[in-house]
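Here the structure is laid out as structure tokens; the discussion comes afterwards.
The values are calculated or read from the model by the stated rules, or taken from the named source; none is laboratory data. From a predicted model like this one, the values you see are computed outputs, not experimental measurements. Note: ideal-geometry Cβ built from the backbone for every residue, glycine included; neighbour counts use all protein chains shown. When the accessible area is computed, the model is the full protein with side chains, heavy atoms only, and any ligands, DNA or RNA have been set aside. Shrake-Rupley method; radii C 1.70, N 1.55, O 1.52, S 1.80 Å.
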Amino acid sequence: QVAGMGNSADGNYIALYNVGANSLIQYNVIRKTGYSGIDFRGSGISVLNNVVDTFCNVKDDGAGIYTFTGTSTTTYAMRTVDQNIVLNGGGASAGTNTTNSDAFGIYMDDNSSEVTITNNTVADCGGAGLFLNAAHNLVVQNNTIYNCVTTGSNGQLLHISTGAATTGVVKNITLTGNKII
């Protein structure tokens, strides 16, 4: 694998891509994936007890655990990201026009909502350990985030609405009991 090479479209280099309702993603060990480790879309999805180690080595702007809603009129519900370990999001700055790494630990992207993110450990990512981009109606509690933003910027936990976000109003976020080191 050479950083920056390969297809640029979404859906490439993802280790586990789950699109559909009522799914359980549990007890997986994902090591050395070119883009996101786990990407999920739909209602009734539980992402539990997984290890994602070394991701975003070919493509940037991904995560160990990722979801996206965008302009979809569908509202997803009952989604859980709990007791996962996410490590070593390297990033692929060599294949981009930036010098920073956009490899995030857990990334709730563009209009993501109705997710409970609890009891996860995220460490050693080039970008933020937890990135909530134009997300709403989330519960984020009892997570441990450390040594992230190793090559990027914006903090260990980043909660914003970027200009790139097409929808989503930042609102109804509960952040409690998180340890950010």
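Okay, here's what the table says:
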{"read-out": "Among residues of the range 9-20, those that are hydrophobic (A, V, I, L, M, F, W, C) and exposed (fewer than 14 other Cβ atoms within 10 Å of the Cβ), counted", "value": "2"}
{"read-out": "Single match in ASP110, ASP124 (criterion: of a type in the set (D, E, K, R), without any contact (Cβ under 8 Å) to a residue 40 or more places away in the chain, in contact with a strand residue (DSSP E or B) (Cβ under 9 Å, 6 or more places away or on another chain) and surrounded by fewer than 24 Cβ atoms within 10 Å (Cβ to Cβ))", "value": "ASP124"}
{"read-out": "Number of the condition not met by ASN57 [criteria: (1) within 20 Å of VAL122 (Cβ to Cβ); (2) at pLDDT 90 or above; (3) crowded, with 17+ Cβ neighbours inside 10 Å]", "value": "(2)"}
{"read-out": "Contacts under 7 angstrom Cβ, first residue in the range 27-38 being closer than 13 Å to ASN57 by Cα, partner of a type in the set (Lys, Arg), 6 or more apart", "value": "GLY34/LYS59; TYR35/LYS59"}
{"read-out": "Sole residue being among the aromatic types (Phe, Trp, Tyr) and either open to solvent by 40 Å² or more (accessible area, probe 1.4 Å) or at pLDDT 95 or above (or both), chosen from TYR76, TYR35", "value": "TYR76"}
